[in-house]
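Before any comments, here is the structure.
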């Protein structure tokens, strides 16, 4: 998938980062969408909730952290100026919508109206991202920010010219997406079967086994991006995936069937916000580079929280 998408980006004069924010992010979010639609249809709202926000935390605390530990990640200006703020706003919106009981509702839940609002925000995100993509695809040039610095830098690589035809690039990308989604589906089915066999609470399954299973495509894509020297695509795919999860997956799930928030689930939402803010903080510091120590910090925070929440849910 990474090889096909990268070659396709160069052929069309589009940045690897934009491809990561769109094609790769959508493909790696497909397992979350499939699992959550199934959960909504089966009235398993706690599983869907845990899957969305557990996956978002895993994307930051596991994938971004692991990539940074293996290789410090330079964060491009477009992520600093637009995508990271969009991620923070999307997560904050999801947090505010969750406090229904505090605002006079019967209980905390994402209702159909909430789902439609989240989908509206997702359309806005897609509009700006695709407009940017088309603009760069037509000109092949980089748009500068107010300081004159390029928002996206595409390094010249004479040894990695697009090979084969356009059809080959599209086929590689699609085959890679199918393989990732299929592998994640098998992993989730096995994990959920084991969890139910041991009578683990549904929300714990969503926060741990299902969210980790549906995050495997992001992990596989990120490791492949790193191996091919495309850390920008890895970061873009994770940020894009988290935005897709929060706006598209949660929006579709709540629209299909109201998604009830489990008891103390707002704590998980706050934790997701904290992880997103930590991610943004590490990106904004040290010359917009996430260094190894910061990767270790993200991973330690994530693992500590996951262990604490699992013990809490299992004993409550």
Checklist entry - Applying the selection to the range 70-94, what residues are under 22 Å from residue 297 (Cβ atoms) and buried (at least 18 other Cβ atoms within 10 Å of the Cβ)? => result 73, 75, 76, 79, 83, 84, 87, 91
Checklist outcome for this item: By residue number, the members of the range 256-274 that are crowded, with 18+ Cβ neighbours inside 10 Å and in a helix (DSSP H, G or I) are 265, 268, 269, 271, 272
Next on the checklist: Pairs needed: first member in the range 230-249, within 11 Å of residue 64 (Cβ to Cβ); second member anywhere, outside any helix (DSSP H, G or I) and modelled with pLDDT of 80 or more; C-beta distance under 8 Å; at least 6 residues apart or different chains.
Outcome noted: 231/71; 231/73; 231/74; 234/73; 235/73; 235/75
Checklist entry - How many of the residues making up the range 224-244 are in contact with a helix residue (DSSP H, G or I) (Cβ under 8 Å, 6 or more places away or on another chain) and over 16 Å from residue 181 (Cα atoms)? => result 14
Checklist outcome for this item: Screening 148, 137 for residues that are touching a helix residue (DSSP H, G or I) at 6+ places or on another chain (Cβ under 7 Å) and at pLDDT below 65 leaves only 137
Item to check | Subset of the range 275-296 (residues that are in a helix (DSSP H, G or I), surrounded by fewer than 17 Cβ atoms within 10 Å (Cβ to Cβ) and touching a residue at least 12 places away in the same chain (Cβ under 8 Å)) | outcome: 277, 284, 292, 296
Next on the checklist: Quick test for you: out of 51, 56, 36, pick the one residue that is in a helix (DSSP H, G or I), out of contact with any strand residue (DSSP E or B) (no Cβ under 6 Å at 6 or more places or on another chain), modelled with pLDDT of 90 or more and closer than 18 Å to residue 261 by Cβ.
Outcome noted: 56
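The values are calculated or read from the model by the stated rules, or taken from the named source; none is laboratory data. Keep in mind the model is a prediction, meaning the values are calculated, not measured. With ideal geometry, Cβ positions are generated from the backbone for all residues, glycine too; neighbour counts draw on all protein chains shown.
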